[in-house]
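K.L.:
Next up is a structure, given as structure tokens.
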Amino acid sequence: MSKRSEALANRLEQGAAALANFAAGLTEQEWEIRTPKDGRKIGVIVNHVASVYPVEIELAQTIARGEVVTGVTAEVINKMNAEHASANDRITKEQTLELLRQNSAAAAAAIRALSDEELDQAVSVSLYGGATLTCQFVLEDHAVRHSYHHLARLQSALQLIVRAA
């Protein structure tokens, strides 16, 4: 295991733990609140983060193998997210916290298995308009950042809703 992969895995675990702590402290009413602009329920967004770790890791592993990434676009991701929201509208906090625990642990283990050479591997990535990007960049921009990104947005949305009430 490289120091870099260990550091990335640790950051992913810290973000997942922060999101889990936030979610665990939500009331059932807060879990069901639809967020402004996005429209998804808070609980659905937490479940979204938990459920996409495998996809984000698969994307990074593809790059680590030196394979060009095609067919992954913002439109594809938006469709996937909309389908997830529809299919998981009634997801429970307990189910979500368990999925978050399992998938973040598996993602961290997969990251720890990457060598520095794999982290440095760079290929064309369709999600970024065909830009040549490293595995490490894609990990940092997706799997590692994802929980932090949504946690900040959920905390902000919840504060706005509480202030408005």
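K.L.:
Efficiency by 1/(1 + (r/R0)^6): what FRET value for N21 and D120, r their Cβ-Cβ distance, R0 = 25 Å, to the nearest 0.05?
P.N.:
0.15
K.L.:
On to the next question. Calculate the all-directions average of the projected area of the stretch 10-119's alpha-carbon convex hull, and give it in nm².
P.N.:
7.5
K.L.:
Applying the Karplus parametrisation 6.51 cos²θ - 1.76 cosθ + 1.60 with θ = phi - 60° to the phi angles of the stretch 5-16, what ³J(HN,Hα) value in whole Hz is obtained for each residue in order, glycine and proline being reported as x?
P.N.:
My calculation for the stretch 5-16 gives 5, 4, 5, 5, 4, 4, 5, 4, 4, 5, x, 5 Hz in order.
K.L.:
K3: which aspartates and glutamates have alpha carbons under 18 Å from its alpha carbon, excluding same-chain residues fewer than 8 sequence positions away?
P.N.:
Reachable aspartates and glutamates: E13, D116, E117, E118, D120, E140.
K.L.:
Cross-link candidates for K41: which lysines have Cα within less than 16 Å, leaving aside residues fewer than 8 places away along the same chain?
P.N.:
Partners within reach: K93.
K.L.:
Among A122, N81, L160, flag the residue with its Cα farthest along the positive direction of the charge dipole of the stretch 3-164, charges on Cβ as +1 for Lys/Arg and -1 for Asp/Glu.
P.N.:
So the residue furthest toward the plus end is L160.
K.L.:
Right, here's the next one. What is the distance, in nm, between label points placed 7 Å from the Cα along the Cα-to-Cβ direction at Q14 and at R90?
P.N.:
In this crude label model, Q14 to R90 measures out at 3.9 nm.
K.L.:
With +1 on the Cβ of every Lys and Arg and -1 on the Cβ of every Asp and Glu, and nothing else charged, how large is the dipole of the chain about its Cα centre, in debye rounded to the nearest 20?
P.N.:
500
K.L.:
Could you list the trypsin sites (Lys or Arg not before Pro) in the stretch 1-94 that lie in coil according to DSSP, counting only those with at most 16 other Cβ atoms within 10 Å of their Cβ?
P.N.:
K37, R65, R90
K.L.:
Also, quick follow-up: Let me know the Kirkwood hydrodynamic radius for the stretch 77-139, please, with Cα pairs as the basis and the value in Å to one decimal.
P.N.:
It is 14.3 Å.
K.L.:
Also, I was wondering about something else. What is the Cα centroid distance between the stretch 25-61 and the stretch 66-143, reported in whole angstrom?
P.N.:
Taking the Cα centre of each part, the stretch 25-61 and the stretch 66-143 sit 14 Å apart.
K.L.:
Going 7 Å from the Cα of L158 toward and past its Cβ, which residues in the stretch 16-44 have a backbone nitrogen under 11 Å from where you end up?
P.N.:
Taking a point 7 Å out along Cα→Cβ of L158, the residues of the stretch 16-44 whose backbone N falls under 11 Å are 19-33, 42-43.
K.L.:
If exposed GluC sites (Glu not before Pro) are those in a DSSP loop with at most 15 other Cβ within 10 Å, what is the longest stretch of the chain that has none?
P.N.:
So the longest stretch without any such site is 68-165.
K.L.:
Helix 145-164: angle to the longest alpha-carbon principal axis of the chain, degrees 0 to 90, nearest 10?
P.N.:
20
Values in this text are rule-based calculations from the coordinates and carry no lab data. Only a predicted model underlies this, so the values are computations on that prediction, with no experimental measurement involved. We place every Cβ from the backbone using ideal geometry, glycine too, and count neighbours over all the protein chains shown.
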